[in-house]
Amino acid sequence: MSTLKFKTSINCANCLRAVTPFLDAEASVEKWSVDTNNPSKILTVEGENPIPELVMKAVSQAGFDIEPVQA
């Protein structure tokens, strides 16, 4: 399973509710979570082969900022 991390503007429970249908609909994502306690609001995505561009598109469509975290 691969893991990707992104810096986002998802910062509260309402934000999580708003983005949930978009990330749940993304086929390459099996599991995801957002660390809202982290100042960078890190989104962690897991899947067999998650596609970064599609994850970023899903979060953007929900109305949030997103950028990859450089390893």
What is the dipole size for the chain, taken about its Cα centre, with +1 at each Lys and Arg Cβ and -1 at each Asp and Glu Cβ, in debye to the nearest 20?
220 debye
With a 1.4 angstrom probe the carbon and sulfur portion of accessible area for the chain, in percent, totals 49 percent
Volume per residue (Å³) of the convex hull spanned by the alpha carbons of the chain is 75 Å³
Once L43, L16 are ranked on solvent-accessible area with the largest value leading and a 1.4 Å probe, the list reads L16, L43
Leaving out ligands and nucleic acids, and using a 1.4 Å probe, what accessible area per residue does the chain come to in Å²?
61 Å²
Taking the simple approach of a point 7 Å from Cα along Cα-to-Cβ for both S33 and I51, what is their distance in nm?
2.7 nm
Taking only Cα atoms and a 10 Å spring cutoff, compute GNM fluctuations for the chain and point out the largest among A58, A27, A13.
A13
Out of A58, N11, V45, whose Cα points farthest toward the positive end of the dipole of the chain (charges: +1 Lys, Arg; -1 Asp, Glu; placed on Cβ)?
N11
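The values are calculated or read from the model by the stated rules, or taken from the named source; none is laboratory data. None of the values given here were measured: they were computed from a predicted structure. Because the Cβ atoms are built from the backbone with ideal geometry, glycine has one as well, and the counts that use them run over all protein chains shown. With ligands, DNA and RNA removed, areas are computed over all heavy atoms of the protein, side chains included. Shrake-Rupley method; radii C 1.70, N 1.55, O 1.52, S 1.80 Å.
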